[in-house]
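Peer 1: I'd like to ask you about the structure that follows.
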Amino acid sequence: MPRDQAQTLFERIGGEETVASLVDAFYARVLSDPELAAFFENTSMNKLRHMQREFFAAALGGPIRYTGRSLSEAHYGRGITVQHLRRFVDHLLATLRAFDLAEEDVYEIATRIDTYADEVLGQATVDG
């Protein structure tokens, strides 16, 4: 079945329901990773999942607006390294592939999320 280029990436992967399932599956992987779990020890996972659903939906062209803090502010001073981010992205890729998405969509999602790497690593200013 050919991909409909008129659809947003959000629509192509299944919309809000798929994004919610992806976020849940993704954080199950992240929280089971001993190198990443500590970053979430004092975090409300319900709030985080809600914010991540908004973030992913907005980043993928969906109609949902992200209402959370800037990524720079949310990650500032947390000690996140390139290695941590790489593990995080590896879990994201594994999750996306487990959902049997088209490889082009997996690549596009990873590329869009990668544009935020500097903010997560604290290499962008907190003010934006």
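The values are calculated or read from the model by the stated rules, or taken from the named source; none is laboratory data. A quick note: this is a predicted structure, and the numbers were derived from the prediction, not measured. Cβ: placed from backbone, ideal geometry, glycine included. Neighbour counts: every protein chain shown. The accessibility values were calculated without ligands, DNA or RNA, using every heavy atom of the protein model including side chains. Shrake-Rupley method; radii C 1.70, N 1.55, O 1.52, S 1.80 Å.
Peer 1: As a test of understanding, state the convex hull volume per residue of the range 63-110 from its alpha carbons, in Å³. Walk me through the numbers before you get to the answer.
Peer 2: Numbers: hull volume 5.0 nm³, N = 48.
Convex hull volume per residue, Cα atoms: 104 Å³.
Peer 1: May I pose another question? Measure nothing fancy, just the Cα-based angle from helix 103-114's long axis to the longest principal axis of the chain, in degrees from 0 to 90, nearest 10.
Peer 2: 30
Peer 1: Then there's this: How many percent of Cα pairs in the chain exceed 26 Å? Walk me through the intermediate numbers first.
Peer 2: Numbers: 1471 of 8128 pairs.
When all Cα pairs of the chain are counted, 18 percent exceed 26 Å.
Peer 1: Of all accessible surface on the range 6-52 at a 1.4 Å probe, what whole percent is carbon and sulfur? Write out the running numbers ahead of the final one.
Peer 2: Numbers: 1220 of 2580 Å².
Within the range 6-52, the accessible surface is 47 percent carbon and sulfur.
Peer 1: Now for a different question. With a cut-off of 19 Å, note down the residues of the range 77-108 whose backbone N falls inside the zone around a label point 7 Å from the Cα of Glu35 toward its beta carbon.
Peer 2: Counting backbone N atoms under 19 Å from the label point, the list is 78-96.
Peer 1: Positive end of the charge dipole of the chain (Lys, Arg +1 and Asp, Glu -1 on Cβ, about the Cα centre): tell me which of Phe56, Gly77, Ala94 has its Cα farthest that way.
Peer 2: Of the options given, the answer is Gly77.
Peer 1: For helix 15-31, what angle does its Cα long axis make with the longest principal axis of the chain, in degrees from 0 to 90 and rounded to 10?
Peer 2: For 15-31 against the chain, the angle is about 40 degrees.
Peer 1: A further question on this structure: Give me the angle, in degrees from 0 to 90, between the Cα long axis of helix 45-59 and the longest principal axis of the Cα atoms of the chain, rounded to the nearest 10.
Peer 2: 50
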